[in-house]
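Everything on this sheet refers to the single structure shown next.
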Amino acid sequence: MRRFDLVVVGAGIGGGSLVYNLLKQGFTGSILVVDRGEAVSTGASAYSAGGFRNLWTTPINQQLCTRGISILKNFQDEMGVGIGFRQSGYLFTYYQDAWSRIPAAAEIWKSNGVDFELFTPAQVEAMIPGLRCAVDAVDPDVLEYLNMEAIAGGVYGKDCGSFDPSQAAVGYFERALTDFPVKPVLELNTEVLAVTFDASGRATGLRMKGHGGEETVEAGMVALCSGPWTNNLLKASGCPAEDLMPIIAQKRMMFLTDFPDQDPRWENIPLTIIDQGIYFKYESGNLLIGKAKSDTPDSLDTTFEPDYYVEEINLVMQERMPATATCKLKSGWASLYDTTGPDHNAILGWHANHPGLLLQVGYSGHGAMESPAVGIGLAELVITGGYRTIDLTPLRWSRFREGDLVKETIVI
């Protein structure tokens, strides 16, 4: 039976950041990384919109993303892999009721050194071609049906932008496999069947199935970077309901269209969030558009639904930006969020009921931007027994039973 000091489930950006930072901080134990995909980053990391922002209202998200942006900005120089880093900004738009609460959030951003600007409707319109903040021209019946209002203002985050999380994962694993004396073992096309536990509940390894058939691997620690598949894995491992994560797997879809017109400003637009949480950004000569379904069930289904763009997203977009009525849907995809229901924030650190089980799950859509910094913190926890750079304690698993939630008000 093979034995490793650490086994990591998941070869996306989260797993890559953890492994790389462990080795960078001096971890000398043996590491096995397993993933069901045929290559590094074929799961959620590969299908992410890749946005990053430091516009948050909770200190932990603010700290993680501020540190994450600095890492991503220097990633190509330090890691030797291009990740398409574009600091093109984020633009949140608001109706009047929500806009009236922005001054309180602005004070938080100012105190944390966030570079942002509050936009008038005219400034919003000047930045996004064809966007109309007023709704006077919209048919009243359509306005009521779509539940739209006039845009009262916007928040522009200047340090925000986008990158390619999949390439970042590749960079982490390339460096982990080449830069350190002890090389991690990376095994792809491997299905994890269960985490194994001893009589006291301590995690002791994995049962898995790969090219050589089914085997059990012993481990001193098990790290779950397994996203929406986490609870299914824990259930298969015999964990009772009280040991599971309060997360559900939710389908999220992205749509690629052409531009509405030839306005050159499209190439420099920020990632923009408009009515009903619709967001869009420039993506390699196209518009990348997304919107979460509010009624998405707990499911691992990833069936792409082009009609969702045509019948729901574009109906709203063409009223806010009339020229988008002609945008041709070119392609798209569906992937999964691991959404933490109680507070929409990540679950990080040791599982309180299972010693040796390290958690990096439940990111709820902001894992790509936070995992570069989270990997540093979790590596510190493993090596030193505590956090040194950023205290990840607010995102511990036990916060749910303690009633100590991290309530973030800016979630898309």
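The values are calculated or read from the model by the stated rules, or taken from the named source; none is laboratory data. Not measured: the values here are computed from a predicted model. Cβ coordinates were reconstructed from backbone atoms using ideal geometry, including for glycine residues, and neighbour counts include every protein chain displayed.
Given Ala292, Ala223, Ala219, which one is at pLDDT below 95, of a type in the set (A, V, I, L, M) and either assigned to a strand (DSSP E or B) or within 23 Å of the chain's Cα centre (by Cα) (or both)?
Numbers: Ala223 fails: at pLDDT below 95; Ala219 fails: at pLDDT below 95.
From the options Ala292, Ala223, Ala219, the qualifying one is Ala292.
Quick check on region 1-39: of everything there that is touching a Ser or Thr at 6+ places or on another chain (Cβ under 7 Å) and in a loop (DSSP other than H, G, I, E, B), which residue is surrounded by the fewest Cβ atoms within 10 Å (Cβ to Cβ)?
First pass over region 1-39, keeping only residues touching a Ser or Thr at 6+ places or on another chain (Cβ under 7 Å): 1, 4-5, 9-14, 17, 34-36.
Adding the requirement that they be in a loop (DSSP other than H, G, I, E, B) leaves 1, 10-12, 35-36.
Numbers: Met1: 7, Gly10: 29, Ala11: 29, Gly12: 30, Asp35: 25, Arg36: 19.
Out of the qualifying residues, it is Met1.
Provide a single number: the residues in region 44-53 that are modelled with pLDDT of 95 or more and part of a loop (DSSP other than H, G, I, E, B).
1
Where residues in region 269-285 are modelled with pLDDT under 95 and among the polar types (S, T, N, Q), which of them is surrounded by the fewest Cβ atoms within 10 Å (Cβ to Cβ)?
Ser284
Please specify each residue of region 385-412 satisfying the condition of being among the β-branched types (Val, Ile, Thr) and either closer than 14 Å to Gly349 by Cα or touching an Asp or Glu at 6+ places or on another chain (Cβ under 9 Å) (or both). Spell out the reasoning first.
Of region 385-412, the ones among the β-branched types (Val, Ile, Thr) are 389-390, 393, 406, 409-412.
Thr389, Ile390, Thr393, Val406, listed by residue number.
Exactly one condition in (1) part of a loop (DSSP other than H, G, I, E, B); (2) touching a residue at least 24 places away in the same chain (Cβ under 8 Å); (3) touching a Leu at 6+ places or on another chain (Cβ under 9 Å) is not met by Ser200; state its number.
That leaves (3) as the condition not met.
Specify which of the listed residues (Thr257, Thr204, Thr190, Thr216) is assigned by TED's automatic domain parsing to the domain that holds Thr324 and not small (Gly, Ala, Ser).
On the way: Thr204 fails: assigned by TED's automatic domain parsing to the domain that holds Thr324; Thr190 fails: assigned by TED's automatic domain parsing to the domain that holds Thr324; Thr216 fails: assigned by TED's automatic domain parsing to the domain that holds Thr324.
Thr257 is the lone residue from the list that is assigned by TED's automatic domain parsing to the domain that holds Thr324 and not small (Gly, Ala, Ser).
Here are the criteria: (1) of a type outside the set (Phe, Trp, Tyr); (2) without any contact (Cβ under 8 Å) to a residue 24 or more places away in the chain; (3) closer than 25 Å to Lys158 by Cβ; (4) buried (at least 21 other Cβ atoms within 10 Å of the Cβ). Tell me which single one Asn231 does not satisfy.
Here Asn231 clears every test but (3).
Just checking, which of Gly82, Gly68 is small (Gly, Ala, Ser), assigned to a loop (DSSP other than H, G, I, E, B) and at pLDDT 95 or above? Please lay out each step first, then the result.
On the way: Gly68 fails: assigned to a loop (DSSP other than H, G, I, E, B).
Exactly one of Gly82, Gly68 is small (Gly, Ala, Ser), assigned to a loop (DSSP other than H, G, I, E, B) and at pLDDT 95 or above, namely Gly82.
Mind listing whichever residues of region 288-326 are in contact with a Leu (Cβ under 7 Å, 6 or more places away or on another chain) and within 22 Å of Ser88 (Cα to Cα)?
If the condition is that a residue be in contact with a Leu (Cβ under 7 Å, 6 or more places away or on another chain) and within 22 Å of Ser88 (Cα to Cα), then Leu288, Arg320, Met321 are the ones that fit.
Which of the residues that make up region 255-282 are more than 27 Å from Leu143 (Cβ to Cβ), in contact with a Ser or Thr (Cβ under 8 Å, 6 or more places away or on another chain) and not in a helix (DSSP H, G or I)?
Within region 255-282, Leu256, Tyr282 meet the criteria.
Considering region 132-158 alone, what residues qualify as being under 30 Å from Arg86 (Cα atoms) and either β-branched (Val, Ile, Thr) or in contact with a strand residue (DSSP E or B) (Cβ under 8 Å, 6 or more places away or on another chain) (or both)?
Cys133, Ile151, Ala152, Gly153, Gly154, Val155, Tyr156, Gly157, Lys158
Suppose the filter is more than 18 Å from the chain's Cα centre (by Cα), crowded, with 20+ Cβ neighbours inside 10 Å and farther than 27 Å from Glu125 by Cβ; does Gly349 pass it? Explain how you work it out, then say what you get.
Numbers: more than 18 Å from the chain's Cα centre (by Cα): no; crowded, with 20+ Cβ neighbours inside 10 Å: yes; farther than 27 Å from Glu125 by Cβ: yes.
Spelling it out, it is not the case that Gly349 is more than 18 Å from the chain's Cα centre (by Cα), crowded, with 20+ Cβ neighbours inside 10 Å and farther than 27 Å from Glu125 by Cβ.
Name the residues in region 307-317 that are crowded, with 16+ Cβ neighbours inside 10 Å and in contact with a helix residue (DSSP H, G or I) (Cβ under 7 Å, 6 or more places away or on another chain), would you?
First, pick out the residues of region 307-317 that are crowded, with 16+ Cβ neighbours inside 10 Å: 308-309, 312-314, 316-317.
Scanning region 307-317 gives Asn314, Val316, Met317.
Report those helices (runs of 4 or more DSSP H) wholly inside region 303-412 carrying at least 1 residues which are closer than 26 Å to Gly201 by Cβ and at pLDDT 95 or above. Before you say what the answer is, go through the steps one by one.
Values: elements: 314-320, 367-384, 399-402.
Once the helices (runs of 4 or more DSSP H) in region 303-412 are filtered for at least 1 residues that are closer than 26 Å to Gly201 by Cβ and at pLDDT 95 or above, what remains is 367-384, 399-402.
Out of curiosity, is Val142 surrounded by fewer than 18 Cβ atoms within 10 Å (Cβ to Cβ) and touching a Ser or Thr at 6+ places or on another chain (Cβ under 8 Å)?
Numbers: surrounded by fewer than 18 Cβ atoms within 10 Å (Cβ to Cβ): yes; touching a Ser or Thr at 6+ places or on another chain (Cβ under 8 Å): no.
No; evaluated as a whole, the condition is false for this residue.
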